[in-house]
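**Q** Would you mind keeping the following structure in view while I ask a few things?
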Amino acid sequence: MLKRLYHSSSHIGSNTIINNNLIESKIFNNAIKLIPKYGFSKNCINESIKNLKYSDSLQSIISWQSDKSYEFQLMLYFLKQKRQELENFTKNTKVEGVDEYEKLSKLIKYRLSLNSPIINELSQGMSQLILPYNLNESIDELYNLSDDLAFYSGDKSHSFDWYAKRFTIGSIYVKSELFMLNDTSENFENTQEFVDKKIDEFKMLSDTYNNIEQWAIFNGISLINLIKSQLIRG
Amino acid sequence: MFQQSIKGSVGKSLKPIVALRFNSSKVTPPPPQPPNSHNDTTHFGFKTVNKQDKEKLVGGVFSSVASNYDLMNDVMSAGIHRLWKHHFIKKLNAGKRPNSVEPLEFLDVAGGTGDIAFGLLANAEENFGDYESKMTIADINPDMLKEGELRYKKSKWSDSDRVEFLVQNGETMNKIPDNSKDVYTIAFGIRNFTNIQAGLNTAYRVLKPGGIFACLEFSQIDNPVLDYAYQAYSFSILPLMGQLIANDRDSYQYLVESIRKFPKQEEFKKMIEKAGFYVPEPGYENLTFGVAAIHIGIKI
């Protein structure tokens, strides 16, 4: 099976993150509703299959698709589902903002708000993500999220800052999520403030980067011209 | 090309070995009748035989290998078939979960010696404390089934009523009602069906909605270099080992030929879908570069 190595926004439907019609998606979607009750545990999946009136034989579909633990699979599915919700959000609502940083800040806040129903259990799920043998897939998913965040905030970069941006967005997201775990303020206002602050720093950093880049190019060209003029004078 | 040259060289080296053949007391399959028309024929290894004869011929093969079956498998695959079966059972990870009400109904087809059946029961007990689910072991061949029963009598399930043995043709399963089973497993058996599609359709019939079909079978290696080595091994060494250990060359010649004739992974996946199953991603899993593969299907 060939894995698609590129992403195109012009192929509609070819990049759906999850397909809700599949039987395994139904099991996971229902299991996620049970997380507040059972935490990120096997019980969510067991109960989900039971609630959907399926036979226990369907458990095999979960063990078939991945060798990873049920807990990790549940967390990974949760992340994918929320990324899908983020995509749906950008399709249905126009994200307003003066520049891409303001849009980015809004998108990150929206994505974080999707964590709120299970915020008390989230640390359990996140601990699954950082287990060494799960790290590969977790980082893939984080990269996908920061790529989506960059794309929907209107990022048009095509040089080295393409990578730098995605790396920075990923780290801002993780920092904010960790901040959110300990945030007790109403509507997670402190987290929102935290995101704004981090995005401002990011903006300042990229402004600084641009200024230095301009300064360096200007001086470089001046230097070449200086040498040229000296050569002509002989 | 590869096949041809291997066949050629094997054919040449075959004759002196066959001439050396010990006088065997085993039942060897009778020579097939010449095929009468194209529509009524199927393959038996590389030979073309009448459809009604294949069942008898396969029966002959397995009757003659039954007593040495496991020993031969161990020798030929260097024990790897045990790893495959173990992995197969782990992948299914089937069993009644502690909070569920209804025990599962397992059906292991072509499960003569009971490897998969007992493995599944043991896995369900270890992982989920499931001491209730029932197992039906079906095989078309009474000799193979007897081997399983002998082993069953020595197992810890022998004094319970959880295991049942049935002589059944996998293509019809006339003693098994519709929608009655939760898990249908078949390991290294479906290759020998006269009509594989009919076998898959029957699997679909006997499974309950939500039931799972799982098949472990020899398959094809994609990598041409590895495939060349594998073909050389299986066509020259395997029948020879069959002759030396089980004193039965023809049966093992049939085994390797039937492996070669079995549909490729993608093709077999399509057949499973054609029977009505939903095949979840990834459609199949290759074991040892594709020497064997696991396929599953869900009846929705």
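The values are calculated or read from the model by the stated rules, or taken from the named source; none is laboratory data. These numbers were taken from a predicted model, which means no experiment stands behind them. Here the Cβ positions follow ideal geometry from the backbone for every residue, glycine too, while neighbour counts run over all protein chains shown.
**Q** Test each condition in (1) β-branched (Val, Ile, Thr); (2) surrounded by 15 or more Cβ atoms within 10 Å (Cβ to Cβ); (3) more than 14 Å from chain A (Cβ to nearest Cβ) for B:Val167 and report the one that comes out false.
**A** With respect to (1) β-branched (Val, Ile, Thr); (2) surrounded by 15 or more Cβ atoms within 10 Å (Cβ to Cβ); (3) more than 14 Å from chain A (Cβ to nearest Cβ), B:Val167 is out only on (2).
**Q** Here is a list: A:Gln84, A:Gln73. Which entry is away from every other protein chain (no Cβ under 14 Å), part of a helix (DSSP H, G or I) and at pLDDT 90 or above?
**A** A:Gln84
**Q** Then there is this: How many residues, within the stretch B:70-88, are surrounded by fewer than 18 Cβ atoms within 10 Å (Cβ to Cβ) and in a helix (DSSP H, G or I)?
**A** First, the residues of the stretch B:70-88 that are surrounded by fewer than 18 Cβ atoms within 10 Å (Cβ to Cβ): B:70-71, B:74-75, B:77-80, B:82-83, B:86-87.
This time we only want the ones that are in a helix (DSSP H, G or I), so: B:70-71, B:74-75, B:77, B:80, B:82-83, B:86-87.
Residues meeting the conditions: 10.
**Q** Then there is this: Among the candidates A:Tyr173, A:Tyr209, which residue alone is touching a residue at least 24 places away in the same chain (Cβ under 8 Å) and under 27 Å from A:Glu141 (Cβ atoms)?
**A** Step by step, each of A:Tyr173, A:Tyr209 is checked, and only A:Tyr173 is touching a residue at least 24 places away in the same chain (Cβ under 8 Å) and under 27 Å from A:Glu141 (Cβ atoms).
**Q** Shifting gears a bit: For the stretch A:189-226, which positions are hydroxyl-bearing (Ser, Thr, Tyr) and either touching a Leu at 6+ places or on another chain (Cβ under 8 Å) or closer than 17 Å to A:Leu107 by Cα (or both)?
**A** The answer is A:Thr191, and nothing else.
**Q** Shifting gears a bit: Mind counting the residues in the stretch A:48-59 that are facing chain B (nearest Cβ under 7 Å) and either among the small types (Gly, Ala, Ser) or over 21 Å from B:Ile296 (Cα atoms) (or both)? Spell out the reasoning first.
**A** Start the filter on the stretch A:48-59 by keeping residues that are facing chain B (nearest Cβ under 7 Å), which leaves A:50, A:54-59.
Then drop every residue that is not either among the small types (Gly, Ala, Ser) or over 21 Å from B:Ile296 (Cα atoms) (or both), which leaves A:50, A:55, A:57.
Total meeting the criteria: 3.
**Q** Determine whether A:Ser127 is within 14 Å of another protein chain (Cβ to nearest Cβ) and free of Cβ contacts under 8 Å to residues at least 24 places away in the same chain. Working first, answer last.
**A** Numbers: within 14 Å of another protein chain (Cβ to nearest Cβ): no; free of Cβ contacts under 8 Å to residues at least 24 places away in the same chain: yes.
For A:Ser127, the condition - within 14 Å of another protein chain (Cβ to nearest Cβ) and free of Cβ contacts under 8 Å to residues at least 24 places away in the same chain - is not met.
**Q** What are the residues in the stretch B:129-161 that are assigned to a loop (DSSP other than H, G, I, E, B), in contact with a Phe, Trp or Tyr (Cβ under 8 Å, 6 or more places away or on another chain) and in contact (Cβ under 8 Å) with a residue 24 or more places away in the chain, if any?
**A** B:Ser133, B:Asn141, B:Ser155, B:Trp157
**Q** Looking only at the stretch B:247-300, filter to residues that are among the aromatic types (Phe, Trp, Tyr) and away from chain A (no Cβ under 14 Å); which one of those is surrounded by the most Cβ atoms within 10 Å (Cβ to Cβ)? Steps first, answer last, please.
**A** In the first step, residues of the stretch B:247-300 are kept if they are among the aromatic types (Phe, Trp, Tyr); the result is B:252, B:254, B:262, B:268, B:277-278, B:284, B:289.
Of the ones still in play, those that are also away from chain A (no Cβ under 14 Å) are B:252, B:254, B:262, B:268, B:289.
Values: B:Tyr252: 23, B:Tyr254: 25, B:Phe262: 19, B:Phe268: 23, B:Phe289: 14.
Applying the filter and picking the extreme gives B:Tyr254.
**Q** Still on this structure, please answer the following. Out of the residues in the stretch A:155-201 that are surrounded by 17 or more Cβ atoms within 10 Å (Cβ to Cβ) and not in a helix (DSSP H, G or I), state the one that is modelled with the lowest pLDDT.
**A** In this case the residue turns out to be A:Asp155.
**Q** Within the stretch A:26-43, track down each residue that is touching a residue at least 24 places away in the same chain (Cβ under 8 Å), within 24 Å of the chain's Cα centre (by Cα) and outside any loop (DSSP other than H, G, I, E, B). I'd like the intermediate steps shown before the answer.
**A** Going through the stretch A:26-43, the residues touching a residue at least 24 places away in the same chain (Cβ under 8 Å) turn out to be A:26-29, A:31-32, A:35-36, A:39-42.
In the following step, the residues that additionally are within 24 Å of the chain's Cα centre (by Cα) were identified as A:26-29, A:31-32, A:35-36, A:39-41.
Matches in the stretch A:26-43: A:Lys26, A:Ile27, A:Phe28, A:Asn29, A:Ala31, A:Ile32, A:Ile35, A:Pro36.
**Q** Let me ask another. Restricting to the stretch B:225-246, count the residues that are aliphatic (A, V, I, L, M) and surrounded by 19 or more Cβ atoms within 10 Å (Cβ to Cβ). Quick ask: steps written out before the conclusion?
**A** So in the stretch B:225-246, the residues aliphatic (A, V, I, L, M) come out as B:225-226, B:229, B:232, B:237-238, B:240-241, B:244-246.
Going one step further and asking which of them are surrounded by 19 or more Cβ atoms within 10 Å (Cβ to Cβ), we end up with B:238, B:246.
Within the stretch B:225-246, residues that are aliphatic (A, V, I, L, M) and surrounded by 19 or more Cβ atoms within 10 Å (Cβ to Cβ) number 2.
**Q** Answer yes or no: is there a residue in the stretch A:95-114 that is within 14 Å of another protein chain (Cβ to nearest Cβ), farther than 12 Å from A:Tyr152 by Cα and either assigned to a helix (DSSP H, G or I) or of a type outside the set (A, V, I, L, M) (or both). Steps first, answer last, please.
**A** First pass over the stretch A:95-114, keeping only residues within 14 Å of another protein chain (Cβ to nearest Cβ): none.
The answer is no, given that none of the residues of the stretch A:95-114 is within 14 Å of another protein chain (Cβ to nearest Cβ), farther than 12 Å from A:Tyr152 by Cα and either assigned to a helix (DSSP H, G or I) or of a type outside the set (A, V, I, L, M) (or both).
**Q** Given the conditions (1) surrounded by 14 or more Cβ atoms within 10 Å (Cβ to Cβ); (2) within 23 Å of A:Lys106 (Cβ to Cβ), which single one is not true for A:Gln128?
**A** With respect to (1) surrounded by 14 or more Cβ atoms within 10 Å (Cβ to Cβ); (2) within 23 Å of A:Lys106 (Cβ to Cβ), A:Gln128 is out only on (2).
**Q** Only one residue in A:Asp99, A:Asp140 is modelled with pLDDT of 90 or more, surrounded by fewer than 15 Cβ atoms within 10 Å (Cβ to Cβ) and not small (Gly, Ala, Ser), so which one is that?
**A** Exactly one of A:Asp99, A:Asp140 is modelled with pLDDT of 90 or more, surrounded by fewer than 15 Cβ atoms within 10 Å (Cβ to Cβ) and not small (Gly, Ala, Ser), namely A:Asp140.
**Q** Look at the stretch B:181-228 and say how many of its residues are within 14 Å of chain A (Cβ to nearest Cβ), within 21 Å of B:Val61 (Cβ to Cβ) and touching a Leu at 6+ places or on another chain (Cβ under 7 Å).
**A** 0
**Q** Looking only at residues that are charged (D, E, K, R) and not in a helix (DSSP H, G or I) in the stretch B:89-103, which one is surrounded by the fewest Cβ atoms within 10 Å (Cβ to Cβ)?
**A** Step one: list which residues in the stretch B:89-103 are charged (D, E, K, R), which gives B:90-91, B:96-97, B:102.
Restricting the remaining residues to those that are not in a helix (DSSP H, G or I) gives B:96-97, B:102.
On the way: B:Lys96: 22, B:Arg97: 20, B:Glu102: 12.
Among residues in the stretch B:89-103 that are charged (D, E, K, R) and not in a helix (DSSP H, G or I), the one surrounded by the fewest Cβ atoms within 10 Å (Cβ to Cβ) is B:Glu102.
**Q** I want to confirm something. Restricting to the stretch A:208-234 and keeping residues that are over 46 Å from the mean Cα position of the chain (by Cα) and modelled with pLDDT under 90, which single residue is nearest to A:Asp161 (Cα to Cα)?
**A** A:Ile232
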